[in-house]
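Participant: Pasting a structure here, questions to come.
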Amino acid sequence: MIRIDEKTGIFALYTKHTVMILQVVDGFVGMPYYGEKIRLAETDYLCRTDIRPFTPEQLPGEAVSFHSAFPHAYPFYGCGNFREPAFRAEQQDGSDTCCLKYIGCSMYKQKPKIPQLPQSFTKNCNTETLILYLHDEQAGVLAEVIYTLFQDSDIIAQSVRIQNQGEYPVMLRRVLSSCLCLEGELELITLNGTWARERYMQREPVGYGVKSIGSINGASSHTHNPFIAAVRPETTETQGEAWGMAFVYSGNFYACAEKDFQDKTQIMMGIHPDTFCWELESGKSFYTPEVLLNYSCRGLGRFSRNYHDFIRNHIIRSKYQYQERPVLVNSWEAFYFDFDSEKLLHLADTALACGLDMLVIDDGWFGHRDSDDSSLGDWFVNEKKIPQGMEWLGEQIQERNLKLGLWFEPEMISPDSELFQAHPDWAVQIPDRSITMSRNQYVLDLTRPEIRSYIFRSMADVIHEADISYIKWDMNRQITEAYTPSLPAHRQKEFFHRYILAVYEIQERLLKTFPDLMIENCAGGGGRFDCGMLYYSPQIWCSDNTDACDRAEIQLGTSLCYPPSCMGAHISACPNHIIGRKTDFMTRAHVALAGTFGYELDLMRMRQSEIQQIQTQIELYHEYSHLTREGSFYRLLQNACHIAWEFASPNRTEILVTVIQIRNKANQPRMHLKLQGLLPDSFYIFDGKVYTGSQLMRIGIPVPLMWGDGVSSLLYLTAENKE
Ligand code: GLA
């Protein structure tokens, strides 16, 4: 609910448990408070404007000190604000000062659409949108700062639309999507890593100055995830305050926290300004991607569940979101590039015998690809490996009552490919400069419509021909030498944003053309794991590291923002191909059960006893996957020896707990694991014994002793009566 009090200039944006307060003071919009729901009476003192400049004798309210101290809800550059701005635009005369003054607001029941970008949708939910109009007359710039509230959530979606109402073009040098102004001691949590080690949590105090993360490599990146949380030093999983920003965007991003001389912290997120500039012609608009704002006063657990529910209900559009996903076997770690139709059909037969639903042919089915050094762009069948063709293979798979999935890396071109022979200029490159090589491939200049059309058509042909149900859309290199001949020199910094818009456009087109197609996004594992991609695909390959112990940590880090049901998770071979660790077969299954579930190993090499275990694992998946998809997720424990999590059904009568023993220690006390989110007065049955919900939450559940490293237990509890 949004309340506007014109007399006090207060806007109060109420979600279920939170309120964001904005206030107009002397023509500027400040954010004096964002947190737990409160009622306001006196409001005059909220945005302090009486900060004294340099000497105490001077009058309060002097302009420079006003802007440098005011908690601007959308800070701009120039006019005396010396903290990081959200907005900076260069005008005809070369100046880039913009003074964004409040000129009015409007409210809507409908959420305005953001053209060309992924965004939260409002299906089955009442929403309210507040638009604040901020204007700079000299520049002719109107900034519309847009906040949308959802009846079923504490998340607020924020984006900004910039209109050029002036006569001349303006160069947008920085248009961040969101800014929060917070007070008091804070710590920042970010998700960082690299290939095969994605999204490890880092928590550190916010000090004076600017602390930032971001990416400039063309994707949201393995290095930092486009997500940031600010918490109190005392915040834990179950208590304390936490604020968050998650970016609905998959390209270069920037997130920063700046603590100023008044001990106030400004947190911002948006497109990375270092690799961005946009010429906004007269009469045109620029739309920023959306940021999902979050607040919880009940710790990080509630904070994450806010995001999980919102992403499931308002970001992931796919109809597969709440459906049981097909259990697949992926050929990558089974065969790598070494396969042919005979091997594939053999794998399909074994998959069928084990009770799987889909065969996914990963890298190597196209062009003349036998290793990673050729054929990207040649999206037609590799005749040496599959001489009968894709249509034939599709029929063979269907005859077995299986579905067929296919890997593509549509954004790339190999120098050794027919496509490159025909169109060497289609690779992203700067004239007269060599192209940096990475994984033996270049990036396609998708900002050019003819290249997008080619990619769409060549993918659509195969999908149609072989009746493909699922595609894995991979992206395995970073963008270097960013440049496109389709833009003039002064607009080259539009490249990165146009590139990601192009990726979105192709995925949107595929989904429109093949409404039943399931896309799993991927980028060298989890290098583009963000809310932008989730708008197009219900799942993203979480990491190439499928070792159960590492994966448990990666999935736990990822769960800070993203729901487990969207994490691509497979059972792979032992010893693990990436790190060589040996973990129990059932542990690998228990970790994959907390994601989309599937296999990534050569089923034909399995012993009879292992085939039987696979059948048991698939039964577990069918029995429990509704909890992963629809349940609430709780992180219960993470230390050097153990990791534990819990899924609770929406009515709390079914509880699934996973405990992984990463490392055993001699003579440990019997573990009593405290559960969360149970009905305190209900009776839960576990292992033939009856416990109360309050007992399980306060004293804990006795975890069976586990023997060895990399082993695990799956504990399933049901409530006997409902209250
Ligand atoms: C990336 C993916 C893998 C696999 C390979 C194929 O690394 O993350 O799962 O598809 O590419 O080359």
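FYI, it's all coordinate maths here, none of it is from the lab. Source: prediction; values computed, not measured. Counting neighbours? That spans all protein chains shown, and the Cβs are built from the backbone with ideal geometry, glycine included.
Participant: Could you work out [θ]222 nm for the chain from helices alone, using -39500 (n - 2.57) per DSSP H run of at least four and dividing by all its residues? Round to the nearest 500 deg cm²/dmol.
Facilitator: So the calculated ellipticity at 222 nm is -6000 deg cm²/dmol.
Participant: Ok, one more. Rank these for me by crowding, Thr18, Thr587, going from fewest to most other beta carbons within 10 Å.
Facilitator: Taking fewest neighbouring Cβ atoms as first place, the list is Thr18, Thr587.
Participant: In debye to the nearest 20, how big a dipole does the stretch 62-141 give about its Cα centre with +1 on each Lys and Arg Cβ and -1 on each Asp and Glu Cβ?
Facilitator: Using Cβ point charges on Lys, Arg, Asp and Glu, the stretch 62-141 gives about 600 debye.
Participant: A further question on this structure: Let's test the formula: R0 of 56 Å, r as the Cβ-Cβ distance of His672 and Asp44. What FRET efficiency results, to the nearest 0.05?
Facilitator: Computed FRET efficiency for His672 and Asp44 comes out at 0.60.
Participant: Between Thr236 and Arg3, what is the FRET efficiency for a Förster distance of 30 Å, r being their Cβ-Cβ separation, to the nearest 0.05?
Facilitator: 0.40
Participant: What do you get for GluC sites (Glu not before Pro) in the stretch 99-181 restricted to DSSP loop and a cutoff of at most 16 other Cβ within 10 Å of the site's Cβ?
Facilitator: Listed in order of number, the matching sites are Glu137, Glu167.
Participant: Something else now. Students often forget the sequence filter, so: which lysines lie under 16 Å Cα-Cα from Lys37 once same-chain residues fewer than 8 apart are removed?
Facilitator: Here the lysines satisfying the reach criterion relative to Lys37 are Lys16.
Participant: In whole Å, what are the extents of the stretch 593-723 along the principal axes defined by its C-alpha atoms, from largest to smallest?
Facilitator: The Cα atoms of the stretch 593-723 stretch 49, 36, 25 Å along their principal axes.
Participant: Determine, for Phe82, Phe76, the number of other Cβ atoms within 10 Å of each Cβ, and report the residues in order from fewest to most.
Facilitator: Phe82, Phe76
Participant: State the extension gain, in nm to one decimal, for the chain segment bounded by Asn440 and Glu36, taking 0.36 nm per residue of separation less the distance between their alpha-carbons.
Facilitator: So the extension gain works out to 140.3 nm.
Participant: I'd like the chymotrypsin sites (Phe, Trp or Tyr not before Pro) in the stretch 596-662 restricted to DSSP loop residues with at most 13 other Cβ atoms within 10 Å, sorted by number.
Facilitator: none
Participant: Hey, which lysines would be in cross-link range of Lys101, C-alpha to C-alpha under 23 Å, not counting anything within fewer than 8 residues on its own chain?
Facilitator: Lys7, Lys264, Lys284
Participant: Please give the contour-minus-distance gain from Met604 to Trp707: 0.36 nm per residue of separation, less the Cα-Cα distance, rounded to one decimal in nm.
Facilitator: Gain in length upon complete extension: 34.2 nm.
Participant: While we're looking at this one, here's another question. Restricting to lysines 8 or more places apart or on different chains, can you count the pairs in the stretch 328-541 with Cα atoms under 18 Å from each other?
Facilitator: Lysine pairs, 8 or more places apart or on different chains, close enough: 5.
Participant: Which of the lysines could a cross-linker span from Lys582 if the Cα-Cα distance has to be under 24 Å and same-chain partners fewer than 8 positions apart are dropped?
Facilitator: List returned: Lys665.
Participant: Within 10 Å, count the other beta carbons around each residue, average over each peptide in 95-102, 284-291, 517-524, 707-714, and list them highest first.
Facilitator: Peptide ranking by packing, descending: 517-524, 284-291, 95-102, 707-714.
Participant: Using 1/(1 + (r/R0)^6) with R0 = 41 angstrom and r between the beta carbons of Glu167 and Asp461, what's the FRET efficiency to the nearest 0.05?
Facilitator: 0.30
Participant: Please report the net charge: other residues with Cβ closer than 11 Å to the Cβ of Leu636, K and R +1, D and E -1.
Facilitator: Here the charged neighbours net out to 0.
Participant: Once fully extended, how much extra length lies between Thr616 and Asn639, figured as 0.36 nm per residue of separation less the alpha-carbon to alpha-carbon distance?
Facilitator: Using 0.36 nm per residue and subtracting the Cα-Cα distance, I get 5.4 nm.
Participant: Highest first, please rank the peptides 3-10, 238-245 by the mean number of other Cβ atoms sitting within 10 Å of their residues.
Facilitator: The peptides rank, most packed first, as 238-245, 3-10.
Participant: Calculate log10 I(q)/I(0) of the stretch 2-314 for q = 0.14, 0.15 Å⁻¹, where I(q) comes from the Debye formula with a single equal point scatterer on each Cα and nothing for solvent.
Facilitator: Debye output, listed in q order: -1.11, -1.30.
Participant: Right, here's the next one. Whose amide H sits under 5 Å from the amide H of Tyr599, counting only residues 5 or more places off or on another chain, with H placed in the peptide plane?
Facilitator: When sequence neighbours closer than 5 places are left aside, the close amide H contacts are Leu328, Val329, Asn330, Ile571.
Participant: Over the chain, calculate the relative contact order: mean separation of alpha carbon pairs under 8 Å at least 6 apart, over the residue count, as a percent.
Facilitator: Computed over the chain, the figure is 10 percent.
Participant: Then there is this: Hey, any idea what Rg/Rh is for the stretch 449-574, computing Rh the Kirkwood way over Cα pairs?
Facilitator: Radius of gyration relative to Kirkwood radius: 1.02.
Participant: Starting from the Cα gyration tensor of the chain, multiply each eigenvalue by 5, take the square root, and state the resulting semi-axes largest first in whole Å.
Facilitator: Gyration-tensor ellipsoid for the chain: 44, 35, 20 Å.
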